[in-house]
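Contents: one structure, followed by commentary.
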Amino acid sequence: MQLAKWAYDLAESLLADGLPRRWAHSQRVYSQALTLAPALGEDAELLAAAAIAHDIGYAQAAVDTGQHMIDGARYLCDVVGADPRLCSIVAFHTSSSWEASELGLDDALSEFGPAEPELVDAITYCDLTSDPVGDLVDPAERLSEVLERYGPEHVVFRAVSAARPELMARVARVRQRAEAVMVKLS
């Protein structure tokens with residue numbers, strides 16, 4: 001858990017004081033990642049690290065493009081020299097591809113590709129099962145909350161609206177993988 005501990009400390013230093021709601025959300029996303037450990041094997045710690053650090057792009061020190069997924073990945077890569085796989089998971093989490101397209105940032109996102117589908121599915125599941133204050137939430141409810149919070153004129157609303165079917169498919173795939181592992185372990 002050395003990588004996860006390092007990422008936890010980094011995220012805490014960037015989010016806890018100035019962005020306490022993001023920090024609470026990130027802690028729940030991390031907790032959700034830990035529940036997926038049996039299904040992820042050797043990638044469990046990498047996912048845990050990405051989970052706690054997934055929203056550091058909101059921290060003032062990391063803001064660059066204004067798209068928090070890319071900004072967080074760039075901060076991890078360029079400022080702290082993190083593992084490229086960790087940077088990629090952060091860059092591609094949840095609706096990043098759709099937001100990047102809306103903002104004309106496809107080239108910036110491609111700096112971190114290709115995405116690893118199973119890990120992007122897993123981080124998306126973890127993100128969508130945590131509400132903005134760190135409580136567990138149904139993924140469909142979480143997406144509805146995001147749409148309501150941003151409103152139809154916002155890029156996040158448009159991206160999440162377009163991404164919604166795929167985001168729910170990611171959640172379903174993670175649930176299936178986790179259930180299959182639990183059946184094997186029982």
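Taking every alpha carbon pair in the chain, what does the distance histogram look like in 5 angstrom bins from 0, in percent?
1, 9, 17, 23, 23, 16, 7, 2, 1, 0
Which ³J(HN,Hα) values in Hz, rounded to whole numbers, follow from the phi angles of region 2-8 under the Karplus curve 6.51 cos²θ - 1.76 cosθ + 1.60, where θ = phi - 60° and Gly and Pro get x?
Each residue of region 2-8 in turn: 5, 5, 5, 5, 4, 5, 4 Hz.
With each run of n ≥ 4 DSSP H residues scored as -39500 (n - 2.57), what mean residue ellipticity at 222 nm is computed for the chain after dividing by its residue count and rounding to the nearest 500 deg cm²/dmol? Could you put the intermediate results ahead of the total?
Numbers: 11 runs with 128 residues, N = 186.
Only helices count here, giving -21000 deg cm²/dmol.
Tell me, what HN-Hα J-couplings in whole Hz come from the Karplus equation 6.51 cos²θ - 1.76 cosθ + 1.60 at θ = phi - 60° for each residue of region 63-73, using x for Gly and Pro?
4, 9, 8, x, 9, 4, 5, 5, 4, x, 5
Amide H to amide H under 5 Å from S130: which residues, 5+ apart in sequence or cross-chain, H placed 1.01 Å off N in plane?
V137
Grab the other residues whose beta carbon is less than 15 angstrom from that of L36, score K and R as +1, D and E as -1, and report the net. Intermediate results must be reported in sequence, preceding the final value.
Working: positive: R28, R170, R173, R175, R177, K184; negative: E42, D43, E45, E116, E118, D121, D127, E179.
Local net charge: -2.
For region 58-142, run through the GluC sites (Glu not before Pro) and keep only the ones in DSSP coil with at most 16 other Cβ atoms within 10 Å of their Cβ. Could the numbers behind the result be given before it?
Details: sites: E99, E102, E111, E118, E141; in loops: E111.
Taking region 58-142 and a limit of 16 other Cβ atoms within 10 Å, the loop GluC sites (Glu not before Pro) found are E111.
Under 10 °C and 1.306 mPa s, how fast does region 36-103 diffuse according to Stokes-Einstein, given a Kirkwood radius computed over C-alpha pairs? Answer in µm²/s, whole number. Could you put the intermediate results ahead of the total?
Values: Rh = 12.0 Å.
Value of D from the Cα-based Kirkwood radius: 132 µm²/s.
Per residue, how large is the accessible surface of the chain? Use a 1.4 angstrom probe and give square angstrom. Provide the component values of the computation, followed by the final result.
Values: 8630 Å² over 186 residues.
Per-residue value: 46 Å².
For a test of the definition: using alpha carbon positions, the gyration tensor, and the 1.5 limit on a/c, classify region 137-184 as rounded, prolate or oblate. List each step's numbers first, then the result.
Values: a/c = 5.59, a/b = 2.72, b/c = 2.06.
Here region 137-184 falls in the prolate category.
Let me know the shape class of region 77-186, please: from the alpha-carbon gyration tensor, a ≥ b ≥ c as square roots of the eigenvalues, rounded when a/c is under 1.5, otherwise prolate if a/b is greater than b/c, or oblate. Numbers along the way, then the final one.
Values: a/c = 1.88, a/b = 1.13, b/c = 1.67.
Because a/c hits 1.5 or more and a/b fails to exceed b/c, region 77-186 counts as oblate.
For region 1-131, what % of the accessible area comes from carbon and sulfur atoms, probe 1.4 Å? Don't skip to the answer; put the middle values down first.
Values: 2620 of 5310 Å².
Carbon and sulfur atoms account for 49 percent of the accessible area of region 1-131.
The values are calculated or read from the model by the stated rules, or taken from the named source; none is laboratory data. Just so we're clear, the structure is a prediction, and the values are computed from it rather than from any experiment. As a convention, Cβ positions derive from the backbone with ideal geometry for all residues, glycine included, and neighbour counts pool all protein chains shown. The area values use the complete protein model at the heavy-atom level, side chains included, leaving out ligands, DNA and RNA. Shrake-Rupley method; radii C 1.70, N 1.55, O 1.52, S 1.80 Å.
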